[in-house]
Amino acid sequence: MSDDDGGPVWARNKRRRGSPPVVGFIVTLLALFGALTAVLGIKERSVAEGGATIDGWITAGWDQIKELTGQADEATDEALSETAEAAGRAGAALGEGAENAARELQPE
């Protein structure tokens, strides 16, 4: 046995390496979700009804996200169409400028 394995935990010299912080975060979220499910199951007197309540909350949140991103999509489409029109006008102006330059450079 090594020196670190013997004796009480508080007397050990080296600290043991734990899991990455992401794992702890996920475990914490799962524990909170489980506690919420248990509380709602007790409140609603049925785990299925508690789950339905959570599903309703998730659906409402998802609908809000879709609505917000839909508004963002509309704004993006509008900006893209305005950019395309501006690029078309710039291209036409460049074409006219090139034609004018070609006419001026032609010998008479």
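The values are calculated or read from the model by the stated rules, or taken from the named source; none is laboratory data. Everything quoted here is computed from the prediction, not taken from an experiment. FYI the Cβ positions are ideal-geometry reconstructions off the backbone, even for glycines, and counts take in every protein chain you see. Heads up: the accessible areas ignore ligands, DNA and RNA and are worked out on the full protein's heavy atoms, side chains in. Shrake-Rupley method; radii C 1.70, N 1.55, O 1.52, S 1.80 Å.
Points to keep in mind about this one:
- Meets criteria (over 29 Å from the mean Cα position of the chain (by Cα), without any contact (Cβ under 8 Å) to a residue 60 or more places away in the chain and assigned to a helix (DSSP H, G or I)) for residue 65: no
- Any pair with Cβ under 8 angstrom, 6 or more apart, that starts in segment 12-39 at a residue that is within 20 Å of residue 55 (Cα to Cα) and at pLDDT 85 or above and ends at one that is open to solvent by 70 Å² or more (accessible area, probe 1.4 Å) and part of a helix (DSSP H, G or I): 37/47
- Check on residue 32, open to solvent by 100 Å² or more (accessible area, probe 1.4 Å) and out of contact with any Phe, Trp or Tyr (no Cβ under 6 Å at 6 or more places or on another chain): yes
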